[in-house]
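J.: This is the structure I want to talk about, given as structure tokens.
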Amino acid sequence: MNEPMLHPPPKVLVTKIGLDGHDRGSRLVAAFLRDAGMEVIYTPPWQQISTVVKMAMEEDVDVIGISSLATDHLIVPKLLQALRAAGLDDVEVIVGGIVPDREEAALLKVGVARVFHPGSPLEEIVDVVCRLTAKRRTKPALSLKEAP
Amino acid sequence: MSSPVPKRPTERYPAEVSAFDRSAARWREEYSRLAPDDAAIRNRSGIEVKPLYGPDDWSGENYLDDLGFPGQLPLTRGIYPSMHRGRPWSQRQLVGLGTPEDYNARLKQILAAGSTAVSLIPCNSVYRGYDVDEVDPLLLGTCGATVNTVEDMDICFRDIALGKISIGLNDPLPFTLLALLLAVAKRRDVPWGEITGTSNQSDYISHFVANHMFFRVALPGSRRILSDHIEFMNRHVPGWNPVSVVGQHMQQAGATPAQAMAFTLCTAIQYAEDCRARGMEPDAFLPRFTFFFDISISFFEEIAKLRAGRRLWAKIARDRLGAKDPRSWRFKFHAQTSGLDLTRAQPLNNIARSAIQAMAGIFGGLQSLHTDAYDEVLSTPTVEAARIAVATQNILRDEAHLADVIDPVGGSYYVEALTDQMEEEIERVIGEIDAAGGMYAAVDSGLVQTLIGESALAFQRQIESGAQKVVGVNAFQVEEDASARASLERPDPADIDKQIARYQRFKAARSRDGVQRALDALARAANDATQNSYEKVVDAALAGVTHGEICTCLRREMGFGQPLCIV
């Protein structure tokens, strides 16, 4: 890394929701973020959306990374809804894996910060997580909830 | 670095030794001048690849011991005397999307096109052991067909003679789809003896380690159900292959080709020894063991991997497992071109990649092949991309004539030397697993997961650093308009609603007592090792119990399968 790591370093939850179990990508990304100096919470696949929200709240994570190789990205909008309902509007969500272009647009529209496709350089993921974390930390701790 | 130059051949050419040495020295000198910065090249398994191979690397002197003739030990050149010339490989494309009606329509198209080998890919909800009413409807039918009941299975194979086609079921344990298929056969008075095909997701170890899509029941329960399944199928459906040992999952998760082959062979040894421990004779079950491999784009390495694996399995089956029947020594395998090598950038390039991977598999002597569609990296494949994938196989067979000659790369100095080196590396890894107490113990402790994770990270770093070039990703990039790409439609929500309604009608119309009795019997068998648990799964399917109900019962009795995830 050329840039100095944030202090405290970004705290990232790397997880999978829905039904897909392919985890090569999520393990690689988790290992790479960890090696870049971040605090990474990694879970096995198939987490319930409610569990992810609870973990994000209890662990005060900056960024949630959702890996989806087999269409689980279709329920990511429900995760964003649940995060907002829990008052976690400021937690940034990124998605990585197989996401068709048309559906990527839909994800970005509902508030996903970024979608990483196969072939994305890991350095770029580190960079985006750092920037999203810095952005989150400059916001007031509790933003006033906007109407959805 | 070892010398790249063949030094001496053998005493067979004493008169020509000096001429050989002179020529070799001249080549070495010219090569060094033209390629002064030649750096060591290693393949994905870590074996150094030289610029030239010759008689010093492989002499062919021990032809019968090292290669033999096709169909003869050590089976290096192929498991059958006639191989692809006698019978081309089966084209077994993965098929499954939407509702049972969608699947049936697609299946009829495929059969009309002349295929005799089909596959059934169920929805991810089925993989995870759930019925349609247990998961978010948004996810239903997006990756495979929603099959939960004997009625669904009947629709999948409507107007199709079950005994006339070979069916590859992507059906992890407890093999509910197969139980539903057997129930449909019973309804139609098709004798089970006529049913042929493969349980091609039977390898719970690969699911626990690498492909968590299919892992449902905790490790000890899985171990028992698989042995029960093998025993039941050998007895009642002798034309079925109850085991497919899946190296593909290991390699897709990051194992090197040599590691993937070693883990596969160790897994097969584990399953065979578990069967033997129950008093089954190796020759009763080994002829129905099959294998499934990934074919990466590391062309010669994959050919060598498959040839070395075939030779090793013959040795293992005979010497280590004590099989006497030659059918037990045959390394029958299906292979799939690797989706990991496919790129999202410039996706049409993937057609070239799949063709090269398929060639490696064909030269490696596969029995059946799935070629990936070029758009798999973008979404579930579109119809056109799936058609091109099949056409690729037809072109390789009929236009390029790859099926005309048996083991056409056999005798190549490079391929034979590499086959020997891959075999050594595979045996080294097998030794490591044996030392850890065998495959079951090695995955229970996380050793295999750790090795795979390390290999995945090492390979990714090669790509990140540019040491491994990937066209369109870290080399030869072009600006492209991603939005212009065709994309697949998701299932119609109305069809999914109809499917859920039908499922609920099916459940409401069943004999509640019969269902309860079957589930009670299943639960008892799960806790009684003297019974065959798979027999009770089949009985449950016959009684109208659904896929999800069977999985729920076994999860409750045997524990939920949670993989050991190591980062």
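J.: All but one of (1) more than 8 Å from chain B (Cβ to nearest Cβ); (2) assigned to a loop (DSSP other than H, G, I, E, B) hold for A:VAL93, so report the exception by its number.
T.: (2)
J.: Looking at segment B:122-142 only, could you name the residues that are of a type in the set (A, V, I, L, M) and either surrounded by 21 or more Cβ atoms within 10 Å (Cβ to Cβ) or not assigned by TED's automatic domain parsing to the domain that holds B:GLY98 (or both)?
T.: Matches in segment B:122-142: B:VAL126, B:VAL132, B:LEU139, B:LEU140.
J.: Taking the condition of a type outside the set (A, V, I, L, M, F, W, C), under 19 Å from B:SER222 (Cα atoms), modelled with pLDDT of 95 or more and assigned to a helix (DSSP H, G or I), does B:GLY548 pass?
T.: In short, yes.
J.: Name the one entry in A:VAL112, A:VAL128, A:VAL61 that is outside any helix (DSSP H, G or I) and more than 14 Å from A:LEU13 (Cβ to Cβ).
T.: It is A:VAL112.
J.: Checking the condition modelled with pLDDT under 95, farther than 30 Å from B:LEU52 by Cβ and among the basic types (Lys, Arg), which residue from B:ARG216, B:ARG224 passes?
T.: None of the others qualify; the one that does is B:ARG216.
J.: Taking segment B:329-371 as the search range and keeping residues that are free of Cβ contacts under 8 Å to residues at least 60 places away in the same chain and buried (at least 24 other Cβ atoms within 10 Å of the Cβ), which one is farthest from B:LYS305 (Cα to Cα)?
T.: Ranking the qualifying residues of segment B:329-371, first place goes to B:ASN350.
J.: Of B:GLN468, B:GLN504, which residue is out of contact with any Gly (no Cβ under 7 Å at 6 or more places or on another chain) and within 14 Å of chain A (Cβ to nearest Cβ)?
T.: B:GLN468 is the lone residue from the list that is out of contact with any Gly (no Cβ under 7 Å at 6 or more places or on another chain) and within 14 Å of chain A (Cβ to nearest Cβ).
The rows are residues; the columns are (1) within 13 Å of chain B (Cβ to nearest Cβ); (2) farther than 30 Å from B:GLY98 by Cα; (3) surrounded by fewer than 22 Cβ atoms within 10 Å (Cβ to Cβ).
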| residue | (1), (2), (3) |
| --- | --- |
| A:SER26 | yes, no, no |
| A:VAL29 | yes, yes, no |
| A:GLN47 | yes, no, yes |
| A:ILE66 | no, no, no |
| A:LEU88 | no, yes, yes |
| A:PRO100 | yes, no, yes |
| A:ALA105 | yes, no, yes |
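J.: When residues of segment B:433-450 are filtered for being farther than 10 Å from B:ILE566 by Cα, not aliphatic (A, V, I, L, M) and not in a helix (DSSP H, G or I), how many remain?
T.: Counting residues in segment B:433-450 that are farther than 10 Å from B:ILE566 by Cα, not aliphatic (A, V, I, L, M) and not in a helix (DSSP H, G or I) gives 3.
J.: Let me ask something else about it. Output yes when any residue across segment B:498-506 is among the aromatic types (Phe, Trp, Tyr) and either touching a Ser or Thr at 6+ places or on another chain (Cβ under 6 Å) or buried (at least 18 other Cβ atoms within 10 Å of the Cβ) (or both), and no when none is.
T.: Yes, segment B:498-506 contains at least one residue that is among the aromatic types (Phe, Trp, Tyr) and either touching a Ser or Thr at 6+ places or on another chain (Cβ under 6 Å) or buried (at least 18 other Cβ atoms within 10 Å of the Cβ) (or both).
J.: Also, I was wondering about something else. Could you check how many residues of segment B:372-392 are touching a His at 6+ places or on another chain (Cβ under 9 Å) and touching a residue at least 60 places away in the same chain (Cβ under 8 Å)?
T.: 2
J.: If you don't mind, another one. Residue under question is B:LYS536, and the condition is that it be out of contact with any Cys (no Cβ under 7 Å at 6 or more places or on another chain), under 22 Å from B:ASP102 (Cβ atoms) and outside the structural domain of B:GLN346 (by TED's automatic domain parsing); does it hold?
T.: Considered against the rule, which asks whether it is out of contact with any Cys (no Cβ under 7 Å at 6 or more places or on another chain), under 22 Å from B:ASP102 (Cβ atoms) and outside the structural domain of B:GLN346 (by TED's automatic domain parsing), B:LYS536 comes out as no.
J.: Here is a further query. I'd like to check something: does segment B:456-466 contain any residue that is of a type outside the set (Lys, Arg), modelled with pLDDT under 95 and within 30 Å of B:LEU140 (Cα to Cα)?
T.: No, because not a single residue in segment B:456-466 is of a type outside the set (Lys, Arg), modelled with pLDDT under 95 and within 30 Å of B:LEU140 (Cα to Cα).
J.: Let me ask something else. Name the residue, out of B:ASP528, B:ASP539, that is among the acidic types (Asp, Glu) and either touching a helix residue (DSSP H, G or I) at 6+ places or on another chain (Cβ under 9 Å) or touching a residue at least 60 places away in the same chain (Cβ under 8 Å) (or both).
T.: It is B:ASP539.
J.: Continuing with this model, one more query. Taking into account only those residues within segment A:68-85 that are assigned to a helix (DSSP H, G or I), within 19 Å of A:ILE98 (Cα to Cα) and in contact with a Ser or Thr (Cβ under 8 Å, 6 or more places away or on another chain), which is nearest to the other protein chains (Cβ to nearest Cβ)?
T.: Selected residue: A:LEU74.
The values are calculated or read from the model by the stated rules, or taken from the named source; none is laboratory data. Keep in mind it's a predicted model, so treat the numbers as computed, not measured. Note that each Cβ is placed from the backbone with ideal geometry, even for glycine, and that neighbours are counted across all protein chains shown.
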